[in-house]
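Q: So that we are looking at the same thing, I have put the structure below in structure tokens.
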Amino acid sequence: MGGPRTLSVDCGGGGIKANVLDAAGTAHARAVRVPTPYPLPPELFVETIAEIADGLPPADRATVGMPGMLRHGVVVHTPHYVTRSGPRSRVDPDLVASWTNLNMREALSSRLKVPTVVVNDAELHGAGVVAGSGVELVLTLGTGLGSALFDGGRLAPHLEWSRAPIRRGTTYDEYIGEPERRRLGNALWSRRVVSVVDGLRPVFHWDRLYLGGGNSRAVSASAVDRLGDDVVVVPNSAALIGGARVWDLPDAG
């Protein structure tokens, strides 16, 4: 009944959330959230997810979204998990070495003993909201700025352009991430959100832009009005729903 059940795990810089959902995206338990532990070698990351899974109903498959660039489940780069004590702390070279080129899909599949898909966390979020028609861009506002691009429901190769400079010496992550929201306050920070969207519009020419992530709810009403009819603010809860839906995307699995 309800098709295969999916363990859906949304891993961020500050917390790891998970639940078990059926194929329609209906939750079968109360979502679990734990703080992201640091320092975080890959073995601890895998065990943390396994411990969460042990406290949830059984699942037939798993989807894990995590920060950074992944290709076919292999970690090319992850920004937070290579630091000593969390986002914007000092990078640990040993952690960089242990995470780089790690086949996380294989590691999790082996530990969880179910087929597993591992994607960027913004891609996980996007799978939960895209309509599957036209060019759809997903931006997630959280610790930093995440992104995912879909064309006709097909996921495009991931780009870490959030690490590119928006102005001299400042990346998109630094310009619009959580530390700046706290420093500026929601009103001034929301103006930056509008500025980023306006700057990216001629780059992507999207049919629809979705703004999600934990800080999407902090975008002011006046800023939302300025964003335009082709921009939709979506709840952060969509990420866990994306865990079930990502399996239906072309080339998923």
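The values are calculated or read from the model by the stated rules, or taken from the named source; none is laboratory data. Bear in mind that the values here come from a model prediction, so they are computed numbers and not experimental data. Cβ: placed from backbone, ideal geometry, glycine included. Neighbour counts: every protein chain shown. All accessible areas refer to the heavy atoms of the entire protein, side chains included, with ligands and DNA or RNA removed. Shrake-Rupley method; radii C 1.70, N 1.55, O 1.52, S 1.80 Å.
Q: Determine, yes or no, whether G134 is over 30 Å from S89 (Cβ atoms) and either open to solvent by less than 10 Å² (accessible area, probe 1.4 Å) or touching a residue at least 60 places away in the same chain (Cβ under 8 Å) (or both). Before you say what the answer is, go through the steps one by one.
A: On the way: over 30 Å from S89 (Cβ atoms): yes; either open to solvent by less than 10 Å² (accessible area, probe 1.4 Å) or touching a residue at least 60 places away in the same chain (Cβ under 8 Å) (or both): yes.
Judged against the criteria, G134 is a match.
Q: Determine which single condition A148 fails, assuming it passes every other condition in (1) under 18 Å from G12 (Cβ atoms); (2) surrounded by 19 or more Cβ atoms within 10 Å (Cβ to Cβ); (3) in contact (Cβ under 8 Å) with a residue 60 or more places away in the chain.
A: (3)
Q: Scan segment 51-80 for residues that are touching a His at 6+ places or on another chain (Cβ under 9 Å), outside any strand (DSSP E or B) and closer than 20 Å to P41 by Cβ and jot them down.
A: Passing the criteria: P67, G68.
Q: Considering only segment 1-29, how many residues are part of a loop (DSSP other than H, G, I, E, B) and either modelled with pLDDT of 95 or more or within 14 Å of R245 (Cβ to Cβ) (or both)?
A: Taking segment 1-29 and keeping what is part of a loop (DSSP other than H, G, I, E, B), we get 1-5, 12-14, 22-26, 28-29.
Filter once more, so that each one left must be either modelled with pLDDT of 95 or more or within 14 Å of R245 (Cβ to Cβ) (or both): 2-5, 22-26.
Total satisfying the criteria: 9.
Q: I'd like the full set of residues that are assigned to a loop (DSSP other than H, G, I, E, B) and either closer than 23 Å to M69 by Cβ or among the aromatic types (F, W, Y) (or both), limited to segment 158-195. Full working, then the answer.
A: Here is the first cut: in segment 158-195, the residues assigned to a loop (DSSP other than H, G, I, E, B) are 158-160, 164, 168-169, 177, 185.
H158, L159, E160, A164, G169, G177, listed by residue number.
Q: Identify all residues within segment 106-115 that are open to solvent by 10 Å² or more (accessible area, probe 1.4 Å) and either in a helix (DSSP H, G or I) or closer than 18 Å to T48 by Cβ (or both); write none if there are none. Full working, then the answer.
A: Keep residues of segment 106-115 that are open to solvent by 10 Å² or more (accessible area, probe 1.4 Å), which gives 106-107, 109-115.
Scanning segment 106-115 gives E106, A107, S109, S110, R111, L112, K113, V114.
Q: Quick one: is G86 within 20 Å of the chain's Cα centre (by Cα), assigned to a loop (DSSP other than H, G, I, E, B) and closer than 24 Å to G212 by Cα? Please lay out each step first, then the result.
A: Numbers: within 20 Å of the chain's Cα centre (by Cα): yes; assigned to a loop (DSSP other than H, G, I, E, B): yes; closer than 24 Å to G212 by Cα: yes.
Yes; evaluated as a whole, the condition is true for this residue.
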